[in-house]
1. Viscosity 1.002 mPa s, temperature 20 °C: what is the translational diffusion coefficient of segment 143-265 from Stokes-Einstein with a Kirkwood Rh over Cα pairs, rounded to a whole number of µm²/s?
2. Please compute, for the alpha-carbon atoms of segment 293-394, the extent along each of the three principal axes and give them in descending order in Å.
3. In segment 59-164, what is the volume of the convex hull around the alpha carbon atoms, normalised per residue and reported in Å³?
4. Plugging the Kirkwood radius over Cα pairs into Stokes-Einstein for segment 238-292, at a temperature of 25 °C and a viscosity of 0.890 mPa s, what D comes out in µm²/s?
5. What number in nm² do you get for the chain if you take the convex hull of its Cα atoms and divide its surface by four?
6. Summing +1 for each Lys or Arg and -1 for each Asp or Glu, what net charge is found among the other residues whose Cβ lies under 12 Å from the Cβ of Ile279?
7. Take Asp4, Asp187 and order them by how many other Cβ atoms sit within 10 Å, fewest up front.
8. Could you give the size of the charge dipole of the chain about its Cα centre, using +1 on the Cβ of each K and R and -1 on the Cβ of each D and E, expressed in debye and rounded to the nearest 20?
Amino acid sequence: CLDDEAAYAEDASNVANVNEPHDLAYVIYTSGTTGRPKGVMIEHRSLVNTAAGYRREYRLDQFPVRLLQLASFSFDVFVGDIARTLYNGGTMVICPKDDRIDPARLHYWISEEKITIFESTPALIIPFMDYVAEHGLDMSSMELLITSSDSCSVTDYRMLQERFGGQFRIINAYGVTEAAIDSSLYDEPLAKLPEAGNVPIGKAALNAKFYIVDAHLNPVPVGVLGELCIGGIGVARGYLNRPELTEEKFVDSPFVEGERLYRTGDLARWMPDGNVDFIGRIDNQAKIRGYRIETGEIETQLLKAEGVREAVVVVREDAKGQKVLCAYFTAESELKLSELRSSLSQELPGYMIPSYFVQLEQLPLTANGKIDRKALPAPDASMQTGMEYVAPRTP
């Protein structure tokens, strides 16, 4: 106990190291898309690899490491914050919960504590950085800004780079709890950024290996959708007391003898330059009127439409019990839905055009700052479909 003065009279030397690389470091629970929490078992070797990888990839030996800690302690990003800071001789400044969504207070903490690393979801970072730009606030202490834990639109990422890229480094990170927090980084020149859609998740880093495969674990060609699998030292031991699920998600690699792969359930494709384009979750696939649909592909096209800033497409049931596609989006101004529908129809087949379009001021977020799909309002008859009425006429 830190407030027990007797503790300070004890031996101050480091305790003996009793852990082996394959010993368990921590168990962290993640519900994923099933709603049933799974305890992910991460070993010491995986965590140490992540900490060392952060030091190398984030260049933590080149500046004072002072991180503003925003993630919930039940989220694996919190463990990542410890790995970035305490494992590397840095400082972790814990931001009060109520200040995390207050731009003025966030800037106060960055300025007062001379924060050098700021990581959060795009849903938190973008409004905050808009506030910083609008008020001309000083961010001179910053060295590294990381968007992570959810997809970041190309529009928002380009804005960040154009406004702040000359002041500090900006990267997009991707990772899963089952592979010790982070597995890839997108850190390319602005000229290589795609014109629209979401920012790529980059190339495998931190000693991770990426494979994009079909349902039979065969590799798919460049540009073809497949499931992203992760190999390397960061892969977890498995799920606590869930042997069947562990066997399903952690499989023997057909590419490297003795290697285990984690099947992420994420849809992705290789880009010609070796980066990975994240599309969405396999769980978000839907079969409507006999057609199998990737909602992530519709979201990508929505983000290409002029004025659209964020986009989410979900499957719901209408009043007749039929499955329909519903598009939710935010924009810089009110958009004409018929024009949005027309824009999509030029890129997508008719069966992939959403039945409902709902413009929101902001998308609902979870406690961890991710888009909360379950909290999106259900469409009703009063919501517009984007289809204009055409009166009948005599030929």
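1. Details: Rh = 15.9 Å.
D = 135 µm²/s.
2. 57, 33, 25
3. Values: hull volume 10.6 nm³, N = 106.
Hull volume normalised by residue count: 100 Å³.
4. Values: Rh = 13.9 Å.
So the translational diffusion coefficient is about 177 µm²/s.
5. Details: hull surface 99.6 nm².
So the mean shadow area of the Cα hull is 24.9 nm².
6. Working: positive: Arg269, Arg281; negative: Glu227, Asp266, Asp277, Glu294, Glu297, Glu299.
Here the charged neighbours net out to -4.
7. On the way: Asp4 8, Asp187 15.
Fewest-to-most Cβ neighbours within 10 Å comes out as Asp4, Asp187.
8. Working: 39 positive and 57 negative charges, 250 e Å.
For the chain, the charge dipole is close to 1200 debye.
Values in this text are rule-based calculations from the coordinates and carry no lab data. Nothing here was measured: the structure is a model prediction, and the numbers come from that model. Quick reminder, even Gly has a Cβ in these numbers, built from the backbone with ideal geometry, and neighbours come from all protein chains shown.
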